[in-house]
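Structure first, commentary second.
No value in this document is a laboratory result; all are computed from the given coordinates. Note that the structure is predicted; figures quoted are calculated from it, not measured. Here the Cβ positions follow ideal geometry from the backbone for every residue, glycine too, while neighbour counts run over all protein chains shown.
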Amino acid sequence: MRTELKIWLDHFDYHARNRSALPRQRTDDLTAHERRLIAGSIAVFQLGEQSEGRTLLRAAHRYEVIHQAESLEQVVALFIGEEQHHAALLGEFMDQHGIPRKEQDWTDGVFRHVRKLAGFELHLSVLITAELIGIVYYRALEAATGSRQLKALCHLIVADELAHVGFESDLLLSAQEGKRPIVRAATVLAHRTFFTGVSLVVWCTHRKVLRAAGYTLRTFLRACGAQFSFYLEPPRAARVSESM
């Protein structure tokens, strides 16, 4: 794990020193129809990206001490900074187009509450659930708009999120290595059940954007499930790990 953490430390440190800026816009870059379509949805995701991460940092510190995972807390702090940068970029886009920000949302509140109850491994499971579904969502948002600025922003966020799930899946798989096979299988099953439930909630609350991108409930769940299988189900995850 130490070698992997050094790689991720270098990755997040580089991004922290080379932040991306919001692409420039044209005055007609976002149509009135598109603004109405995405306003409430993008505001929820912007809110979810701006967590201060204090609970996660405390959990990472405890895990680093117990498991001698040197630099973990530092990597997590940089990771949180990148998430906050996403929130800043989304907020800047919203401000430019007159989309009001949200102060609270029940889905974001549930996620924050669950994370407060969790140890580091469970915290990671909740985080990677949001990231994997977020990848599908931002790709849908990119497809649902003709705005070049928003398309570029979604593309930027997805690129970062793919690195995030690589980092989080590395940690989760490392944490599961010492467990008995039956415990690992039960853990994956519980995570898959939670993941599917969250996917259904995202569909119900963001279906206008998802439908505009061409998704049905079935194809959305399939796309989210494919992300989960690739990164987190043991047979596939083992093959990916061995190939790196």
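What to note about this one:
- Report summary: the helix-based calculation at 222 nm, which adds -39500 (n - 2.57) for every DSSP H run with n ≥ 4 and divides by the residues of the chain, gives -27500 deg cm²/dmol.
- Estimated vicinal HN-Hα couplings, Hz - the stretch 136-143 in sequence order (Karplus 6.51, -1.76, 1.60; Gly, Pro = x): 5, 5, 5, 5, 5, 4, 4, 6
- Against the main long axis of the alpha-carbon atoms of the chain, helix 106-117 sits at an angle near 20°.
- Using alpha-carbon coordinates, inclination of helix 72-96 to the longest axis of the chain, degrees: 10
- Positive-pole candidate from Ser51, Leu124, Thr187, dipole of the stretch 2-243, charges at beta carbon: Thr187
- Result for the chain in a Gaussian network model with C-alpha springs under 10 Å: among Arg222, Arg207, Arg180, the largest mean-square fluctuation is at Arg180.
- GNM result for the chain, Cα springs below 10 Å: residue of Val126, Val65, Val198 fluctuating most strongly: Val65
- Dividing the Cα radius of gyration of the stretch 2-243 by 2.2 N^0.38 Å, with N the residue count, gives 1.01.
- Lys/Arg +1, Asp/Glu -1 at C-beta; the chain dipole; positive extreme among Gln96, Val65, Ile7: Gln96
- Evaluated with a Cβ-only charge set (Lys, Arg +1; Asp, Glu -1), the stretch 2-243 carries a dipole of roughly 800 debye about its Cα centre, given to the nearest 20.
- Nearest-ten-degree value, helix 234-243 long axis tilted from longest Cα axis of the chain: 90
- Among His155, Leu172, Trp203 - extreme Cα towards positive end, dipole of the chain, charges at beta-carbon: Trp203
- Within a Gaussian network of the chain (alpha carbon springs, distance under 10 Å), most fluctuating of Arg139, Arg218, Arg24: Arg218
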